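**Q** Have a look at this one.
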Amino acid sequence: MSTSVALLGLGTMGSGMAQNLLKAGFVLTVYNRTAAKAAPLAEAGARVAATPAEAAKGAQIIVSMLADDPASREAWLGADGAIAAAAPGTIVIDSSTVSPDWIAELGAAAEARGLKVLDAPVTGSRTQAAGGQLTFLVGGSADVLGEAMPVLKAMGKEAIHLGPLGSGAKLKLVNNFLCGVQVASLAEGIAWLERSGLDRDKSIAFLNSAAPGSPLFSALSARMTSRDYTVNFLLKLMSKDLQYAHDAAAEAGVELTTAANARALFEQAMAQGHAEQDMASVIEPLRDR
Ligand code: NAP
């Protein structure tokens, strides 16, 4: 009999992940706060639950892909949360980008109910989620990861085991710290190029092939110059990640001054109405100055 999986959260990432679980033949139940987003999944064969608790009933593995700590807390531990409804022995996996402190709290609550817990945030964006090509950064027991591997493999190309619970959350925040500061500095660099008298596109092509080039440089410079802000990664989520990274590093005794500066740019863009656009739109306030 195939494994029953529940997926909580059908945003940019969760929608693609859910489709891949169905394609792999899992019996899937989905939940999303805004119910309308579940319609394409229902059409593809998923059962739609009205609450996280309803989704959790009968599931052997429950995965969440939600915005931030409050959204994850609501889904797992809220009034209709999944933790209280899951049967002992169920594997719960939080794939959202959340704080290590929240993962520790979630782990304690889940283990108190006899559940098995992994944190497994992802790298890759909308395209990789839709194509089943995510990389999972996993914290928790290696044995539990072994049990969950077929489900993760349906959504990703690899799952890297990093250590105890919370390890995935920590590395994900280091990853997004390095991405966030690069996006902010790229925005400043391109805004400068646009006012420099240089040929912008020729200059960007050179820089991308030189030392500053990277996959992020290539993708984000294209979006900044075309001003196509179709969402791959919501601007407001990068601001959140820089805040979580700043706080987690501070707990380890490291002050991320560059994260604070980068976040100020993202906050400025949010104040000017770009929160719900792709993070590439962080360049717009610089163009307006
Ligand atoms: P998204 O499109 O904004 O989706 C967010 C999800 O969280 C939606 O299901 C949303 O429900 C739900 N949500 C938000 N606030 C909630 C609340 N208070 N209570 C209950 N549900 C709530 O985000 P995404 O791009 O899929 O990202 C999901 C997670 O993956 C985030 O932690 C993000 O940082 C991380 N991530 C994103 C990317 C990327 O490229 N997009 C890459 C790697 C990791 P509604 O539909 O009702 O709003």
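**Q** List the pairs from Lys116/Lys157; Lys157/Lys236; Lys23/Lys240; Lys202/Lys240; Lys170/Lys202; Lys37/Lys236 whose alpha-carbon separation is above 29 Å, in the order I gave them.
**A** Pairs exceeding the cut-off: Lys23/Lys240; Lys202/Lys240; Lys170/Lys202.
**Q** Name the residue farthest towards the positive end of the dipole of the chain from the options Val92, Leu7, Gln272, assuming +1 on Cβ of Lys and Arg, -1 on Cβ of Asp and Glu, about the Cα centre.
**A** Of Val92, Leu7, Gln272, it is Leu7.
**Q** Something else about it: Going by alpha carbons, how many degrees (0 to 90, nearest 10) lie between the helix axis of 235-251 and the longest principal axis of the chain?
**A** Once rounded, one gets 80 degrees.
**Q** For q = 0.13, 0.16, 0.18, 0.23 Å⁻¹, what log10 I(q)/I(0) does the range 44-102 give under the Debye formula with an equal point scatterer on each alpha carbon and no solvent?
**A** -0.31, -0.47, -0.59, -0.94
**Q** Ok, one more. Determine the share of the chain's accessible area contributed by carbon and sulfur atoms, expressed in whole percent, with a 1.4 angstrom probe.
**A** 56
**Q** Take the chain, connect every pair of alpha-carbon atoms lying under 10 Å apart with a spring to form a Gaussian network, then pick out the residue of Pro70, Pro212, Pro88 with the largest mean-square fluctuation.
**A** Greatest mean-square fluctuation among the candidates belongs to Pro212.
**Q** Just the accessible area for Lys157, please: 1.4 Å probe, Å², rounded to the nearest 10?
**A** Only protein atoms counted, so the area is about 120 Å².
**Q** Another question, then. What value does the range 4-163 have for Rg/Rh, both radii from Cα atoms and Rh as Kirkwood defines it?
**A** When Rh is taken as the Kirkwood radius, the ratio is 0.92.
**Q** I need the fraction of alpha carbon pairs in the range 185-255 separated by more than 15 Å, rounded to a whole percent.
**A** For the range 185-255, the share of Cα pairs beyond 15 Å comes to 64 percent.
**Q** Moving on. Determine Rg/Rh for the range 170-288; Rg is computed over alpha-carbon atoms and Rh is the Kirkwood hydrodynamic estimate from the same atoms.
**A** 0.98
**Q** Amide H neighbours of Lys116 under 5 Å, at least 5 residues apart or on other chains, H built in the peptide plane: list them.
**A** When sequence neighbours closer than 5 places are left aside, the close amide H contacts are Gly89, Thr90, Ile91, Val92.
**Q** In what sequence, highest mean first, do 91-99, 56-64 appear when ranked by Cβ atoms within 10 angstrom?
**A** 91-99, 56-64
**Q** Quick check: with the 1.4 Å probe, what order do Leu198, Leu106, Leu237 take by accessible area, largest first?
**A** Leu198, Leu237, Leu106
**Q** Quick one: angle between helix 167-194 and the longest Cα principal axis of the chain, in degrees between 0 and 90, rounded to 10, please.
**A** Once rounded, one gets 20 degrees.
**Q** Which GluC sites (Glu not before Pro) in the range 227-289 sit in a loop by DSSP (not H, G, I, E or B) and have at most 14 other Cβ atoms within 10 Å of their own Cβ?
**A** Filter output for the range 227-289: Glu255, Glu276.
**Q** Quick check on the chain: helices-only [θ] at 222 nm, where DSSP H runs of length 4 and up contribute -39,500 (n - 2.57) each and the sum goes over total residues. Nearest 500, please.
**A** Calculated from helices alone, the mean residue ellipticity at 222 nm is -16500 deg cm²/dmol.
**Q** Given the range 125-197, report the % of alpha carbon pairs whose separation exceeds 22 Å.
**A** Result: 42 percent of Cα pairs exceed 22 Å.
**Q** Run the 1.4 Å probe and let me know the accessible area of Phe26, rounded to the nearest 10 Å².
**A** Approximately 30 Å² for this residue.
**Q** Using the Karplus equation 6.51 cos²θ - 1.76 cosθ + 1.60 (θ = phi - 60°), what ³J(HN,Hα) coupling, rounded to whole Hz, does each residue of the range 68-84 give in order, writing x for Gly and Pro?
**A** Couplings: 7, 4, x, 5, 5, 4, 4, 5, 8, 10, x, 4, 10, x, 6, 4, 5 Hz.
**Q** Hey, another quick one. Under a Cβ-Cβ cut-off of 15 Å, what is the net charge of the residues other than Gly146 that fall near it, where Lys and Arg count +1 and Asp and Glu count -1?
**A** That sum, taken over residues with Cβ under 15 Å, equals -1.
**Q** Send over the Kirkwood Rh of the chain, from the inverse of the averaged 1/r over different Cα pairs, rounded to one decimal Å.
**A** 19.6
The values are calculated or read from the model by the stated rules, or taken from the named source; none is laboratory data. All values reported here derive from a predicted model rather than from experimental measurement. Positions of Cβ are backbone-derived with ideal geometry, glycine not excepted, and every protein chain shown enters the neighbour counts. Please note that ligands, DNA and RNA were not included when accessible areas were found on the heavy atoms of the full protein model with its side chains. Shrake-Rupley method; radii C 1.70, N 1.55, O 1.52, S 1.80 Å.
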